[in-house]
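Input: a single structure, listed below in structure tokens.
The values are calculated or read from the model by the stated rules, or taken from the named source; none is laboratory data. All figures in this text were calculated on a predicted structure; none of them were measured in a lab. Glycine also receives a Cβ, built like all others from the backbone with ideal geometry; neighbour counts cover every protein chain displayed.
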């Protein structure tokens with residue numbers, strides 16, 4: 001025993017090296033690879049558990065009214081942050097509705113707009129674009145998908161926001177809501193438009209793949225019956241690709257939900273719930289989604305009460321994104337019949 | 001389908017066609033606007049000196065230096081993230097396409113990869129912060145005086161970046177493996193090779209362009225990600241290493257990348273130096289575009305596999 005302990009490393013390393021360098025048996029290869037694959041599931045489970053455990057105080061102190069509205073959410077976040085100094089224990093009081101509402105507005109707005117653009121653009125690319133334009137569009141779409149969100153945010157905050165603030169919002173409109181909120185140009189509409197540009201390529205790629213994989217016989221059969229090319233695309237191909245369109249919308253929603261940096265730069269960063277009853281002013285009102293709130297308050301992540309509140313935001317995002325990813329994955333399954341998994 | 005005149009189409013169809021053209025041209029317009037604008041600003045503000053000088057915490061923009069450290073940070077983080085992602089990524093892809101037993105487990109892993117792909121990077125950043133703040137992971141960052149683990153370092157950020165690259169590597173590798181015809185595998189078995197040897201000697205070499213494609217895409221995503229950097233890299237302007245040793249200390253230390261440099265120098269951050277932000281954003285855009293279109297070079301260089309001739 002003692003001799004073994006005296007010289008453990010060379011012998012151990014040698015035998016270890018021998019086992020690894022020897023050609024692997026099938027059994028072992030399958031086990032090792034399978035174990036690595038399963039680590040993904042362990043990781044996801046760990047992610048859910050850790051984030052929720054850390055976020056629990058915020059949820060348990062507020063109950064379901066966490067999701068409700070009431071009061072100024074920025075004030076509440078400040079109070080939570082400052083409650084460490086008062087000595088009366090931690091404050092967790094939070095009504096997160098303005099942030100949730102901001103998330104819903106930006107996400108739904110961008111997905112609806114983006115889906116319309118992506119659908120028409122996909123039909124265009126697959127059927128109507130001249131060859132030279134098709135060759136241009138392929139790198140264009142990849143470029144739009146590749147541009148980092150911080151660059152979108154930079155262009156937004158330095159170009160689009162000042163333009164909207166100086167030219168599109170009249171002084172009268174600014175004055176009309178000045179007692180509630182300042183209209184600077186950093187607004188819901190800018191956030192939605194830039195977010196649309198960011199998520200359209202994701203949807204476009206999925207929809208184009210699906211339209212291309214529609215069996216040729218179906219479209220040719222319709223064309224042989226004298227249906228024009230637009231109707232063939234619209235009534236046959238687009239309908240056949242419906243699962244892909246659903247999957248595209250769902251996956252783009254997940255992406256839009258989690259966009260943080262760009263939105264924290266252009267959405268105005270005020271925990272304000274834009275009110276649709278304000279008419280056109282509604283589009284120019286600032287907001288701030290959940291993800292952007294986490295970035296804005298990132299300094300406080302290690303300070304318990306506000307940190308836990310921010311973890312709670314992350315937990316909400318995590319659960320929504322997980323459900324959306326799973327839904328998108330399920331929606332894509334029928335497509336595999338035609339051999340267009342992607 | 002032959003070209004037919006659209007003048008005989010019903011009005012609604014012609015409107016639809018017009019919208020399709022509009023959508024296609026709109027995308028081209030937006031993309032060219034972004035590229036041209038960034039190019040003009042880049043040429044206007046990028047000076048070679050910016051690339052080679054350290055950033056300084058000065059309000060005066062003539063003294064605040066360049067972005068050498070963020071550039072190095074982007075490089076370190078990209079390499080670290082892909083290095084960590086490539087082995088598990090390829091393993092998962094091989095398992096999913098070659099073994100995938102039991103069936104339910106394979107479906108679960110497949111959807112699990114989708115879930116990782118769909119998780120917002122800000123949530124990954126939060127998860128990373130929680131994990132790396134645990135006492136167990138103290139060696140990966142540093143421990144503050146009160147005994148609290150800081151949890152922010154190149155290691156922490158790199159590990160979470162690996163999760164961003166992972167789904168891309170899995171997807172590209174799987175696609176490449178599935179494109180290999182069955183009879184290639186059968187020929188290998190017929191020569192007496194085991195399945196494991198077939199994977200190692202036949203399938204993986206053939207799938208190499210696919211793996212490279214996924215890696216390049218993953219690198220592009222890592223270089224462009226901001227949320228993880230802002231939260232997990234400690235946001236120190238210069239690379240500040242922890243402890244001793246040449247490489248490990250840097251990886252344990254904090255720093256910044258081009259993305260966080262752009263963010264901090266935009267009006268949203270503290271720096272408020274749009275010129276520097278534009279210059280850094282231009283460099284970042286070049287890096288990301290290069291990585292994304294490197295994919296084309298990889299796939300173009302791939303000669304047609306022998307069994308297709």
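Scan the range A:112-125 and tell me whether some residue there is assigned to a helix (DSSP H, G or I) and under 26 Å from residue B:228 (Cβ atoms). So far as the range A:112-125 goes, yes, one or more of its residues are assigned to a helix (DSSP H, G or I) and under 26 Å from residue B:228 (Cβ atoms).
Among the candidates B:199, B:180, single out the residue that is crowded, with 24+ Cβ neighbours inside 10 Å, farther than 30 Å from residue B:68 by Cα and over 18 Å from the mean Cα position of the chain (by Cα).
Details: B:180 fails: crowded, with 24+ Cβ neighbours inside 10 Å.
Residue meeting the stated conditions: B:199.
Here residue A:273 clears all of (1) surrounded by 23 or more Cβ atoms within 10 Å (Cβ to Cβ); (2) more than 17 Å from residue A:93 (Cα to Cα) except the condition numbered (1).
Summed over the range B:180-229, residues that are outside any helix (DSSP H, G or I) and more than 30 Å from residue B:123 (Cβ to Cβ) total 7.
In the range A:300-319, the count of residues that are surrounded by fewer than 21 Cβ atoms within 10 Å (Cβ to Cβ) and within 28 Å of residue B:258 (Cβ to Cβ) is one or more. Return yes when residue A:109 is within 30 Å of residue B:12 (Cα to Cα), more than 10 Å from chain B (Cβ to nearest Cβ) and in a helix (DSSP H, G or I) and no when it is not. Yes: the conditions hold for residue A:109.
Looking across the range A:257-275, the residues that are within 10 Å of chain B (Cβ to nearest Cβ) and either part of a loop (DSSP other than H, G, I, E, B) or more than 23 Å from residue B:259 (Cα to Cα) (or both) come down to A:259, A:260, A:269.
The residue list B:96, B:105, B:26, B:19 contains one member that is at pLDDT 90 or above, surrounded by fewer than 19 Cβ atoms within 10 Å (Cβ to Cβ), facing another protein chain (nearest Cβ under 8 Å) and over 30 Å from residue A:128 (Cα atoms), which is B:105. Of all residues in the range B:270-281, those that are surrounded by fewer than 23 Cβ atoms within 10 Å (Cβ to Cβ) and more than 8 Å from chain A (Cβ to nearest Cβ) total 5. Select from the range A:148-182 the residues that are more than 14 Å from every other protein chain (Cβ to nearest Cβ) and either within 27 Å of the chain's Cα centre (by Cα) or outside any helix (DSSP H, G or I) (or both) and list them in ascending order. A:164, A:169, A:170, A:177, A:178, A:179, A:180, A:181, A:182 - these are the residues of the range A:148-182 that are more than 14 Å from every other protein chain (Cβ to nearest Cβ) and either within 27 Å of the chain's Cα centre (by Cα) or outside any helix (DSSP H, G or I) (or both).
Among the residues of this structure, residue A:227 counts as one that is within 12 Å of chain B (Cβ to nearest Cβ) and either over 27 Å from residue A:74 (Cβ atoms) or modelled with pLDDT of 90 or more (or both). Looking at B:66, B:49, which one is surrounded by 13 or more Cβ atoms within 10 Å (Cβ to Cβ) and either farther than 19 Å from residue B:287 by Cα or at pLDDT below 90 (or both)? Going through B:66, B:49 in turn, the sole match is B:66.
Could you please find all residues in the range A:276-297 being part of a helix (DSSP H, G or I) and either within 20 Å of the chain's Cα centre (by Cα) or closer than 30 Å to residue B:234 by Cβ (or both)?
Of the residues in the range A:276-297, the ones part of a helix (DSSP H, G or I) are A:276-278, A:281-284, A:290-296.
Of everything in the range A:276-297, those that are part of a helix (DSSP H, G or I) and either within 20 Å of the chain's Cα centre (by Cα) or closer than 30 Å to residue B:234 by Cβ (or both) turn out to be A:290, A:291, A:292, A:293, A:294, A:295, A:296.
Results for (1) in a loop (DSSP other than H, G, I, E, B); (2) modelled with pLDDT of 85 or more; (3) buried (at least 20 other Cβ atoms within 10 Å of the Cβ), shown as yes or no for each residue.
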{"position": "A:70", "(1), (2), (3)": "yes, no, no"}
{"position": "A:74", "(1), (2), (3)": "no, no, no"}
{"position": "A:79", "(1), (2), (3)": "no, no, no"}
{"position": "A:82", "(1), (2), (3)": "no, no, no"}
{"position": "A:89", "(1), (2), (3)": "yes, no, no"}
{"position": "A:104", "(1), (2), (3)": "no, yes, no"}
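Consider the range B:290-303. How many of its residues are within 14 Å of the chain's Cα centre (by Cα) and without any contact (Cβ under 8 Å) to a residue 40 or more places away in the chain? Counting residues in the range B:290-303 that are within 14 Å of the chain's Cα centre (by Cα) and without any contact (Cβ under 8 Å) to a residue 40 or more places away in the chain gives 2.
Is it fair to say residue B:123 is crowded, with 21+ Cβ neighbours inside 10 Å, touching a helix residue (DSSP H, G or I) at 6+ places or on another chain (Cβ under 9 Å), free of Cβ contacts under 8 Å to residues at least 24 places away in the same chain and assigned to a helix (DSSP H, G or I)? Walk me through how you get there before you give the answer.
On the way: crowded, with 21+ Cβ neighbours inside 10 Å: yes; touching a helix residue (DSSP H, G or I) at 6+ places or on another chain (Cβ under 9 Å): yes; free of Cβ contacts under 8 Å to residues at least 24 places away in the same chain: yes; assigned to a helix (DSSP H, G or I): yes.
Judged against the criteria, residue B:123 is a match.
Filtered by the rule that a residue be under 25 Å from the mean Cα position of the chain (by Cα) and either within 16 Å of residue A:201 (Cβ to Cβ) or within 8 Å of chain B (Cβ to nearest Cβ) (or both), the range A:112-124 gives A:113, A:114, A:115, A:116, A:117, A:118, A:119, A:120, A:121, A:122, A:123. Note on the range B:126-144: residues that are more than 7 Å from chain A (Cβ to nearest Cβ) and either surrounded by fewer than 24 Cβ atoms within 10 Å (Cβ to Cβ) or part of a helix (DSSP H, G or I) (or both) amount to 13. When the test is whether a residue is more than 10 Å from every other protein chain (Cβ to nearest Cβ), in a helix (DSSP H, G or I) and within 20 Å of residue A:161 (Cβ to Cβ), residue A:190 passes it. Of the residues making up the range A:128-137, those that are within 10 Å of chain B (Cβ to nearest Cβ) and outside any loop (DSSP other than H, G, I, E, B) are A:128, A:133, A:134, A:136, A:137.
Hey, could you check the range A:277-299 for residues that are over 25 Å from residue A:248 (Cβ atoms) and within 11 Å of another protein chain (Cβ to nearest Cβ) and say which is surrounded by the fewest Cβ atoms within 10 Å (Cβ to Cβ)? Filtering the range A:277-299 for residues that are over 25 Å from residue A:248 (Cβ atoms) and within 11 Å of another protein chain (Cβ to nearest Cβ), the one surrounded by the fewest Cβ atoms within 10 Å (Cβ to Cβ) comes out as A:299.
Considering only the range A:321-340, I want to know if a residue exists there that is assigned to a helix (DSSP H, G or I), modelled with pLDDT of 80 or more and under 19 Å from residue B:132 (Cβ atoms). Full working, then the answer.
Of the residues in the range A:321-340, the ones assigned to a helix (DSSP H, G or I) are A:321-338.
From the residues that got through so far, the ones that are modelled with pLDDT of 80 or more too are A:321-331.
The next check asks that each one be under 19 Å from residue B:132 (Cβ atoms); those that pass are none.
No, that holds for no residue.
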